[in-house]
1. Lys and Arg at +1, Asp and Glu at -1: add these up for the other residues within a Cβ distance under 14 Å of B:V552 and post the number.
2. Against the longest alpha carbon principal axis of chain B, how many degrees, from 0 to 90 and to the nearest 10, is the axis of helix B:578-591 turned?
3. Determine the dipole magnitude for chain A: charges of +1 sit on the beta-carbon of Lys and Arg, -1 on that of Asp and Glu, nothing else is charged, the reference point is the Cα centre, and the result goes in debye to the nearest 20.
4. Please give, to one decimal in nm, the separation of the simple spin-label points placed at B:T144 and B:K519, each 7 Å out from Cα toward the Cβ.
5. Cα gyration tensor of segment B:2-142, axes a ≥ b ≥ c as square roots of the eigenvalues: rounded (a/c below 1.5), prolate (a/b > b/c) or oblate?
6. Taking a cut-off of 18 Å between Cα atoms, list the aspartates and glutamates near B:K391, but don't count ones fewer than 8 places away on the same chain.
7. For segment B:688-717 and segment B:182-222, what is the separation of their Cα centres, given in Å?
8. Ranked from highest to lowest mean number of other Cβ atoms within 10 Å per residue, what is the order of the peptides A:40-46, B:465-471, B:95-101?
Amino acid sequence: MKTKPKVLVLKADGTNCDEELAFAFKLAGGAPKIVHINDLRTKKEKLKEYNILAIPGGFSYGDDIVSGKILAVELTSFFSEELKKFIERKNTLTIGICNGFQVLVRTGILPFDTIGKMQATLTNNDSGHFECRWINLKIEPNSKCAFFNNETMKQFNNDYISLQVAHGEGKFFADNITINAIEKSNLVVLRYVDAEGKPTQNYPDNPNGSLNAIAGITDNSGRVLGLMPHPERFIFREQHPNWRRSQNLKPQGLPIFENMIKYIRSKKYE
Amino acid sequence: MIYEIRVGEKYKDLKGDALLHETNSSGLNGIKKILTSRVYRLEGITKNEAQILKDNLLCENITQVSSLNRPLITNASHVIEIGYMPGVMNPEVASIIKAAYDLGINLIAADSSIAYGLFGKVDKKIINEITQKLYNKTVERIITQKPKTFVIKGKTGKTSVINLREMNDDELNELSKDKLFLNLLEMKTIQEYFKKIKRDPTDCEIETIAQTWSEHSGHKTFKAKLLVDGKDKKPLIERLKQEALKHKNNIVSAFIDNSGVMDFYDGWAISGKGETHNSPSAIEPYGGAMTGSGGVFRDIVGTGQGGKTIISTDIFCLAKPNLPFLKLPPGCLHPRYVLKQVIKGVKDYGNRMGIPTNNGSIHFHDDFRAKPTVLVGAYGITPKKYAQKGKPKKEDIIVSIGGRIGRDGIHGATFSSGEMTERTITVNSQAVQIGNAIEEKRTFDAILEARDKNLIRAIQDCGGGGLSSAIGEMGQDTGVRVHLKNALLKYQGLSPWEIWLSESQERMVLAIPKSKLSKFKKVCKKYNVEISVLGNFDGSKKLQVYYGKEKVCVLDMKFLHHGLPQREMTATRPSITLSEAKDLDSSASLRMTLPKTQKEWIQILNKVLSHGNICSKEPIVRLYDHTVQGTSDLQPFSGELGDGPNDAAVIRPLLDKPYGMVVAHGINPILNRIDPYWGSIWAATEAISNYAAVGGDYKNASLINNYVWPFPDEESLWSLDKSVDAVCDFMKALKIPVISGKDSLSSTYRGHDGTFIKIPEVLCISVFGKIPDVTKTVSSDFKKSGSTILIVGKPDLENMGGSVYLDAVLNNRSMKQWSNIPNVDLKLLPKTLNTIYKGIQAGKILSCHDISEGGMITTIFEMCVGGDCGANISLDVILSKAKNLRSDYFLFNETAGCFIVEVENEKVAKKIFKNIPYFIVGKTEKEKNITVKQKDKTLFKERVEELRKVWQEPMTQIFS
């Protein structure tokens, strides 16, 4: 395929990880464009013309009321149908990182694609404060995620990957029934783990107290991923604080974007 | 009517728990439980609409409970509800109104507040104390009943004429006091001007002149003719500029724009600025720190035709957090509260802006109890073609964009030029605003897009003095005509002079060429940024301001900008001379005995490592997003466990290029007080050493100097003069320029009861520069065991004045007793810096950390923390060179410009450092102990793990 997969990096007031996210997609072989939500509202830009929807981190509308809420309300008020159609299309992918994950959960897209109805939430960290630190994550080998699963693990010679979290409201929470449904359907993609690579509830390895150490989930289609850690901040080895201590260190966030691009390319051929 | 929606937590009430914890730990007993709820009050909607907003916007059933028009916290012994005062902007309200609108509901107005329900035994005393903890009277209030409306109505105030021409000296002084902060000569100059033009001034005119001529905007002391100890000296600013411009290789723009700009690579330029926000932070630390951050970010975007802010730094000086309440001067806030609040302010603003806060420091001395120093820095990048300060042309349009104008933020410039008194907190509370980061963020987004479309001619911020300073300054060559009625207001009822003077961090004024206005408006619309077209640059050489048809201000630009009489000021050496103090030194040092046992050594080391200036600041740094933008290639902490501190920030501003930008700073108020010249040299040396330790090339560095000084009486002016001399000598020695700076000369406190405190003199030198390749940088953590540790540089081992060691051992005795502070060999310094740079470039230096507060042993300890390893130190080499040297002096000496370096082995050391002084002090070890030996004797041996605990404890206790 000659043309690069088109990535819509959504921007609203207070979005602030848009440029590095667009860059990550570019590095991975995509054609990203940062699109302001007002340009979608005026129809200057159309979601359906893109292959990937990426909702970046930041503090959309100041994260007022609760994080991601105002943007989620805006999306469900004006783009419910468009989003639904986009997600149902088999040759699209959607990713929400940090604030983007909070938005996906609050629109109801994650975990069960019930746009307009929330089933789970990302709430205040148990520590009660914002936290910026490096944490270890296990990729669930059997998750439904179409682009980040068993295959992905083979790229790493390690049992877990390191990424950075930077959030105050990242505790994944839902009632028991919902959590069980999520687990049963293999929707959990990433979990916070301790030094031994085991999922943990202990601070700070689990930086926010997420239930079942959940750091990222997908939907039933496997084509939507929401995660609290920031893969776009580890696309060069030098972005890791200890790159000077390890010659073989590889950027562990970049493969997520590369796999997304690879996925889109494979679907285009089909 | 107003609907009340209350939202509480179903499971964990983190806010309530945190407050309960703090209450219990401060010794207030009796409270069993605290529950909180958010209270939203919504005006102008139906009950049905209120229900919709409750269920779809304000409450999430998964974790929350809510109520409509009835209390949510029931059976509490007492409920305290805290909200913003009317007229203080609540940043959340705009979002609530927007989201409601998206849901098809039109709110007229809204407000939000927090209710705290106290359960258990509570009496009046407890309620009182908790209330004090919860709110700041300056901007908040206790809400006891439902307000009738949030719509603030009012008639536009009248412009009044002040009968200035007939005032006598007393009346002129009275007019100036608490409001204008001008001296009698300046007041008389204004009087003369109006006598000459044969009319009296309007309030607006007087206010405009006062803010333009304020110390904050006019820098009168730095421009003054000086008589120092009987000798004439050139004005401070002239000396700085003269020396700086001798070293202009990299300068793109210095001293003329909102930040200093230097060359980067491939047609890009980088900029830097430091700014203090001490006065507002003293009375409302949260808002003060927020608006301080907002202000300095805006200085970057307000440079040239617009810059992108890419780093934020924060530096605080405060009294020790355990200061007894009795020692707090009237009208001052407790340092523990101030510390927590300023950090919260920096965090909330910087994180929301998406600007990494990745460099900073905190310094404690009890003389900061009357007023903290809150110094925020910002750095940016911009295409070189847009990096020169813009000049408006005749016919260009004046637009204001961003936050609306309100009554908060009036008199900031003049107020911050005054001394702090116990009245400050009540009289000047209007000058404090609550920042709205998202407003600033979208405004910046719009500016950067407009810049790239080449729509902007010139840009200025609405900081100190609001529109008056922004437009007044931009129009000083052409003249302007302004129509205040076009300005967008938060609410009605402001007088024209208030509209003209009100400041906001989130508002910018731009000069837009007429032909580009409609394109510019489109960009603003896309980003939800409001715009007011205020007038134009008209060639009249006059400042003409109208409200409707009413003339509210007509001044000659020449008088406004050049009418301020140059001050003539006298500086005199303080009465206690250094040599007198030196006599005290020797007697004091006699009383200090060397630690005798291992236990004594370890006790002292613990005291030093837990000292406020030394202890780990990691719990604070983790509250800041220090890696957003994805640019950070050397983070504040690194190492095996991620807890070893680094000396500077290294970022890659252009993600697709390997070019690096290095940012660091140096500051030591204690040394400045003892010896303003060598203290200032120390600060500058510390800054450049931090910069070099990570791999920065000092030849491609630029400096920023910030002076925070007491009110310039003769003695303080004397020390300021010495400090400026030091900065000039430093530039000369290293052949690099200062390209930006700021002064704040109001660090004095006067109490009603006669309390008079001169807050320590603060010179902060920040440094930023460029390197071609970010991969050629090092961190401070030891990389392996068995490598060689050496000291590079020439420590001034005799001089211990102002050190943390003495403060810890002598329990904070008078600083004057120890006047012999370490001197830096300025001839050697450039050679040392260059050798370190080359060693890092060649990949021969495995790790490097500069010696600073706490001395060599602290530096080695921090490197062991990062490496999660140990070190075996021997004093033999150094003691063989200096026979009478005290071992404690050697371990704790704080000479700046010296480094601890890790290299593979002694051979490598010899090769790299053959041309500069260095000596080997030991080896790294796998075993996690720090061992210090002298001959065959072990002075002490302690586990790194134990020391780490001691070092991490103080800030962990405050911040988690």
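1. Net charge in that neighbourhood comes out at +1.
2. 60
3. Using only the charged Cβ atoms, the result is roughly 1140 debye.
4. Placing both labels 7 Å along Cα→Cβ, they lie 5.9 nm apart.
5. prolate
6. Reachable aspartates and glutamates: B:D257, B:D299, B:D452, B:D461, B:E473, B:D477, B:D538.
7. Answer, in whole Å: 33.
8. Details: A:40-46: 13.0, B:465-471: 27.4, B:95-101: 20.7.
In decreasing order of mean packing, A:40-46, B:465-471, B:95-101 become B:465-471, B:95-101, A:40-46.
Here, each number is a calculation from the coordinates, and none is a lab measurement. Given the structure is predicted, the values throughout are model-derived calculations rather than measurements. Neighbour counts run over all protein chains shown; Cβ positions are idealised from the backbone, glycine included.
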